[in-house]
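J.: This is the structure I have questions about; it appears just below.
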Amino acid sequence: MLTSMILGILTIVLALAFSLLHLAAAFSAIKQKNYCLGNKCILVGSCITSLALAIFYFVPLATILIWIVGSSIVCYGAYWNGQQKESQHISHHIVRITSAIIITVLFILL
């Protein structure tokens, strides 16, 4: 029972950090008048992941599906930003995709 509770708290904290970090990054870029497609994708994706967290305890299966869609959009937006700036930092994308996959697996385990 305690392990399940710790796993749930860990999942929510990691997912909230992922979602809010990308939401802050998107708002920061838009505040600087950078309206490229990548930043819009990151903004939309982080809003979708925030929605997934809001409905987590009500509809768990929908949370997983919505989380996958939102985090995929965030990862695509970050990749698109790298393509536009012609400065791909592949390690950033690996960390982002790995953290999204780990959070998704944690959601599935709950």
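J.: Considering only residues that are buried (at least 18 other Cβ atoms within 10 Å of the Cβ) and among the hydroxyl-bearing types (Ser, Thr, Tyr), which ones fall in the range 1-24?
T.: Across the range 1-24, the qualifying residues are Thr11, Ser19.
J.: Turning to a different aspect of this structure: Can you tell me which of Phe27, Phe107 is among the aromatic types (Phe, Trp, Tyr) and either crowded, with 17+ Cβ neighbours inside 10 Å or closer than 30 Å to Met1 by Cβ (or both)?
T.: Among Phe27, Phe107, only Phe107 is among the aromatic types (Phe, Trp, Tyr) and either crowded, with 17+ Cβ neighbours inside 10 Å or closer than 30 Å to Met1 by Cβ (or both).
J.: Hey, can you tell me all the residues within the range 31-47 that are part of a helix (DSSP H, G or I) and either within 16 Å of the chain's Cα centre (by Cα) or modelled with pLDDT under 90 (or both)?
T.: Answer for the range 31-47, where residues must be part of a helix (DSSP H, G or I) and either within 16 Å of the chain's Cα centre (by Cα) or modelled with pLDDT under 90 (or both): Leu37, Gly38, Asn39, Lys40, Cys41, Ile42, Leu43, Val44, Gly45, Ser46, Cys47.
J.: Now, a different point. Looking only at the range 48-91, which residues are surrounded by 18 or more Cβ atoms within 10 Å (Cβ to Cβ), more than 14 Å from the chain's Cα centre (by Cα) and under 17 Å from Leu16 (Cβ atoms)?
T.: Matches in the range 48-91: Phe56 only.
J.: Further, regarding this structure: Looking only at the range 34-47, count every residue that is under 12 Å from Leu16 (Cα atoms) and of a type outside the set (Gly, Ala, Ser) and tell me the total.
T.: Final tally of qualifying residues: 1.
J.: Here are some residues: Val59, Val44, Val74, Val69. Which one is of a type in the set (A, V, I, L, M) and within 17 Å of Val95 (Cα to Cα)?
T.: Just one listed residue meets the conditions, Val74.
The values are calculated or read from the model by the stated rules, or taken from the named source; none is laboratory data. Bear in mind the structure is a predicted one, so any value in this text is a computation, not a measurement. When we count neighbours, we look across all protein chains shown, and the Cβ atoms used for this are built from the backbone with ideal geometry, even at glycine.
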